[in-house]
Amino acid sequence: MDKSPDPRETSDALRVVLVDPSSRGGIAAYTRLVARALRLADIEAEILASVALELADDDLRIERRLPADRWGKPDRAGPGFYLRRILTWYGSARAIRSYVRRRHPDVVHFQAPLNRRFDAFLLRRMTRRVAVVWTAHDVLPFEQSERDPHWFASIYRAVDRVVVHTALAAEAVHSLAGVAAAVIAHPVPDDIVCVSRLEARRRLDLPEEGRIAAALGFIRPYKGYGLLADVWESLGEDAPRLLVLGELLAETERPVIERLEKTGRADVRLGYASDLDLQLAVAASDMLLLPYVDASESGLLHLSRALGVPVIASDTPELAAAVTSSAAGVAIPRTVDAWSAAVTGELIPPPPEPPDLESVGRAHLAVYREVLAERGRRE
């Protein structure tokens, strides 16, 4: 059930709304994590969410007002597709502005774009009356167009503060838009299902013995699964078992998945994977594979940290920085030899215990107070 702010709250508490148009996936999970982190920092944030947001199993304050939007762009996108996108953005912009007028939040914190073409216009208008913060999970989209650098630079310049997760990402924001970004560590889930590796394998009907590597989440070109197909074909019977679990979002990747299946060493389970599915899959594995062609952060990386499962990632700069700074595993070149050695060699030690969620909440609170103080000095 959607929850409204409690009028009995003290008047000096910051009023924060987290705006997230996603209905599922890693960003939706991240937003709920930030809300829980803020609660530990004594801020009862509300999530302004999609009407299609999957029900959460906690007692967070969620107001489902944003129009649902289909993910991805069809291969043949005609005028009707773009018209629907514009109308969806307009509906979202109206819902957000209406919320601000009704609730008078101190801070509006965007977690994902509504429509990268038009968001800067909305943000510039909003900052006239309220502090606006933007989390850049990826400084630029992985599957970007020629106009994306212009659009995202405009977004970053329009808000009061951009939040990123690594110093390298902050440098990228400054290089692109000329603005300083605040670095806040990616929160690590604290509500995971605690099961042993053996129990997780039993629940997923996986072999109880032997090494298992996992490649999880939505299957899209930037995930780089073609490298895994090359590696598993090269290793043959010497390859460990590979669990591929997630929804195929790009038909261009189906031939890659078929190649993996033909090796006889890949257990491919296509379809949407819930948070519980992903937690069990990580817990059942000896290593999580992130062979991404282009990436910065990954919620799966931090889920693995929470479950004590090491990560093998590609050495794309921002992802490698996240892996190294968190000691989550290793980042290696995207070559068949390097990955073959990594998945068959000595197991990587588990990552250290991650920082507590409250510290992430207090880091966000510090950014909000800093932004509000700056706005106060300007006024």
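Can you name every residue in the stretch 124-158 that is of a type in the set (Phe, Trp, Tyr) and in contact with a His (Cβ under 8 Å, 6 or more places away or on another chain)? So that I can check it myself, show each step before the final result.
Keep residues of the stretch 124-158 that are of a type in the set (Phe, Trp, Tyr), which gives 134, 142, 151-152, 156.
Result: Trp134, single match.
Being outside any helix (DSSP H, G or I) and in contact with a Pro (Cβ under 9 Å, 6 or more places away or on another chain) is the filter; apply it to the stretch 116-132 and report the residue that is farthest from Arg102 (Cα to Cα). Break it down into steps so the answer makes sense when it comes.
First pass over the stretch 116-132, keeping only residues outside any helix (DSSP H, G or I): 116-118, 127-132.
Remaining after also requiring in contact with a Pro (Cβ under 9 Å, 6 or more places away or on another chain): 116, 130-131.
Values: Arg116: 26, Val130: 13, Ala131: 16 Å.
In this case the residue turns out to be Arg116.
Any idea how many residues of the stretch 148-165 are touching a Lys or Arg at 6+ places or on another chain (Cβ under 9 Å) and among the hydroxyl-bearing types (Ser, Thr, Tyr)?
1
Okay, residues lined up against (1) in a helix (DSSP H, G or I); (2) touching a Pro at 6+ places or on another chain (Cβ under 9 Å); (3) surrounded by fewer than 21 Cβ atoms within 10 Å (Cβ to Cβ):
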site	(1), (2), (3)
Leu301	yes, no, no
Ser304	yes, yes, no
Ile312	no, yes, no
Leu319	yes, no, no
Ser325	yes, no, yes
Val330	no, yes, yes
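Name every residue in the stretch 229-266 that is under 22 Å from the mean Cα position of the chain (by Cα) and closer than 20 Å to Glu346 by Cα, in order of residue number.
Leu243
If I filter the stretch 337-344 for residues that are at positive phi and of a type in the set (A, V, I, L, M, F, W, C), do I get at least one hit?
No, the stretch 337-344 contains no residue that is at positive phi and of a type in the set (A, V, I, L, M, F, W, C).
A short reminder: the numbers here are calculations on the coordinates, not readings from a lab. Keep in mind the model is a prediction, meaning the values are calculated, not measured. As a convention, Cβ positions derive from the backbone with ideal geometry for all residues, glycine included, and neighbour counts pool all protein chains shown.
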